[in-house]
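Asks: Handing you a structure now.
Rule-based calculations on the coordinates, nothing more; no lab input. In this text, all values refer to a predicted model and were calculated from it rather than measured experimentally. We place every Cβ from the backbone using ideal geometry, glycine too, and count neighbours over all the protein chains shown.
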Amino acid sequence: MKECNSCGKCCIKYSNGGLSASDDEIEYWEVFRPDISRYVHHGNIWINPDTGEQIERCPWLRQAPNSKTFTCAIYHDRPDDCRFYPVTIAEMIKDECEMLESHDIENPKEAQKDLNKLMINSRTSF
């Protein structure tokens, strides 16, 4: 399994209503990040504050200039749905995640073990 190359596929795919936030996350944003809270409406995230409509693409996803890579403008305060992606190799295959290599697809059980280790390490490295 390769390192994440910041292709943005997961962020783009799960935009447009594909993500949620916990009550605790929303409360945190209301208190400490009103810029994020502005995009929450009735517990739904990434809602246009002017129209009340679901935003098609995450408002915090930024494409690096002259590049195919993306960054998250709220990375440290992003929802847990984003923080804990990906969960399964099957999900990564479905999403065409660029972290996967051919041997991961050929042996998904071993790849899942690697993914589990990777995700545990990424959560503890904060």
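Asks: Counting only other residues whose beta carbon sits under 11 Å from that of Tyr39, what net charge do I get with K and R as +1, D and E as -1?
Replies: 0
Asks: Also, quick follow-up: If you bin every alpha carbon distance in the chain into 10 Å steps from zero, what whole percent lands in each bin?
Replies: Going out from 0 Å in 10 Å bins, the chain shows 12, 39, 33, 14, 2 percent.
Asks: Further question on the same structure: Residues in region 13-39, backbone N under 14 Å from the label point at Thr51 (7 Å along the Cα-to-beta-carbon vector): list them, ranges by number please.
Replies: In region 13-39, the label zone of Thr51 (backbone N under 14 Å from the point 7 Å along Cα→Cβ) covers 16-17.
Asks: Ok, one more. Tell me which residues come under 5 Å, amide H to amide H, from Ile47 once H is placed; ignore anything under 5 positions away on its chain.
Replies: The answer is Val40, His41, Ile55.
Asks: Also, quick follow-up: Using Cα atoms only, what is the angle between the long axis of helix 108-124 and the major principal axis of the chain, expressed in degrees (0 to 90) to the nearest 10?
Replies: 50 degrees
Asks: Provide, for the chain, the number of lysine pairs with alpha carbons under 21 Å apart, each pair being eight or more places apart or on different chains.
Replies: Value for the chain: 15.
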